[in-house]
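The values are calculated or read from the model by the stated rules, or taken from the named source; none is laboratory data. Small disclaimer: the values here were computed from a predicted structure and weren't measured. In this analysis, Cβ positions are derived from the backbone assuming ideal geometry, glycine residues included, and neighbour counts consider all displayed protein chains.
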Amino acid sequence: MSKHLIHGRSASLSQLAPSALRPDPSNPRARKPQQVAAIAKSIRTFGFNVPVLVDQDCSIIAGHGRVAAALKLGLETVPVIRIEHLSPNQRRAYMIADNRLTDISRWDERLLGEVLRDLTVADLDFELDAIGFSVAEIDLKIDALEEAEAEDAVPDTGSGTAITAAGDTARLRLITDIRCLLLPTATERLTHI
């Protein structure tokens, strides 16, 4: 058991049987069997890395899906942090916040595609769909990245001679600025630029 500071108070990380943890019947977050299976696969692949948050009565505040997955996997214990500083209304509100706050984030599609592409060519000791994306979704993300990279690529103009050199743009701006200063009126400036 290790001690941590939560909201200015000491909290203990312990291991409890998932069957000893009580799902909160007022939890509005619904889980599909596919989600529980995906969580179970992630836990089997990476370990149970995010503790379940419970109140003083072992009622689950956060981690309903992880507990369902642990039960599916037949785990004997799961890491648990007991949160006792929240009022009943704060517990209910935090239960929603814990789920909703991840919903309102977004993926950086380019970075996600790059990481997924890197992982597909890496020598992994696990199935990549353990991250929660199906193989088809991973392929689509990588395809979208490669299309974006192709659009961003500078076309090859061949081996011809360059008609500009470094600094040409700055010189053009300087010449334009000088001409504007030397021409007497705005009309003449516009007609000679």
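The residues of region 1-36 that are at pLDDT 80 or above, exposed (fewer than 10 other Cβ atoms within 10 Å of the Cβ) and either over 19 Å from Arg92 (Cβ atoms) or in contact with an Asp or Glu (Cβ under 8 Å, 6 or more places away or on another chain) (or both), listed by number, are Lys32, Pro33, Gln34. Among the numbered conditions (1) of a type outside the set (Phe, Trp, Tyr); (2) surrounded by 12 or more Cβ atoms within 10 Å (Cβ to Cβ); (3) farther than 19 Å from Arg44 by Cβ, the only one that Lys72 does not meet is (3).
Cβ-Cβ distances below 8 Å connect the following pairs, each with a first residue in region 119-134 that is within 17 Å of Lys41 (Cα to Cα), a second residue that is of a type in the set (S, T, N, Q) and surrounded by 11 or more Cβ atoms within 10 Å (Cβ to Cβ), and a separation of six or more residues or different chains: Phe126/Thr45; Glu127/Thr45; Leu128/Thr120; Ala130/Ser42; Ala130/Thr45; Ile131/Ser42; Gly132/Ser42.
Give just the number: which of (1) more than 30 Å from Lys41 (Cα to Cα); (2) assigned by TED's automatic domain parsing to the domain that holds Gly47; (3) modelled with pLDDT under 90 does Gln90 not satisfy? Status for Gln90: all satisfied but (3).
State whether one or more residues within region 127-138 are at pLDDT below 90, out of contact with any helix residue (DSSP H, G or I) (no Cβ under 8 Å at 6 or more places or on another chain) and among the hydroxyl-bearing types (Ser, Thr, Tyr). There is no residue in region 127-138 that is at pLDDT below 90, out of contact with any helix residue (DSSP H, G or I) (no Cβ under 8 Å at 6 or more places or on another chain) and among the hydroxyl-bearing types (Ser, Thr, Tyr). Quick one: His85 ticks every box in (1) touching a residue at least 60 places away in the same chain (Cβ under 8 Å); (2) touching a helix residue (DSSP H, G or I) at 6+ places or on another chain (Cβ under 6 Å) bar one, so which box is it? It fails just one condition, (2).
Here is a yes/no grid of residues against (1) among the aliphatic types (A, V, I, L, M); (2) outside the structural domain of Ala30 (by TED's automatic domain parsing); (3) at positive phi:
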| residue | (1), (2), (3) |
| --- | --- |
| Phe46 | no, no, no |
| Gly63 | no, no, yes |
| Leu75 | yes, no, no |
| Ile81 | yes, no, no |
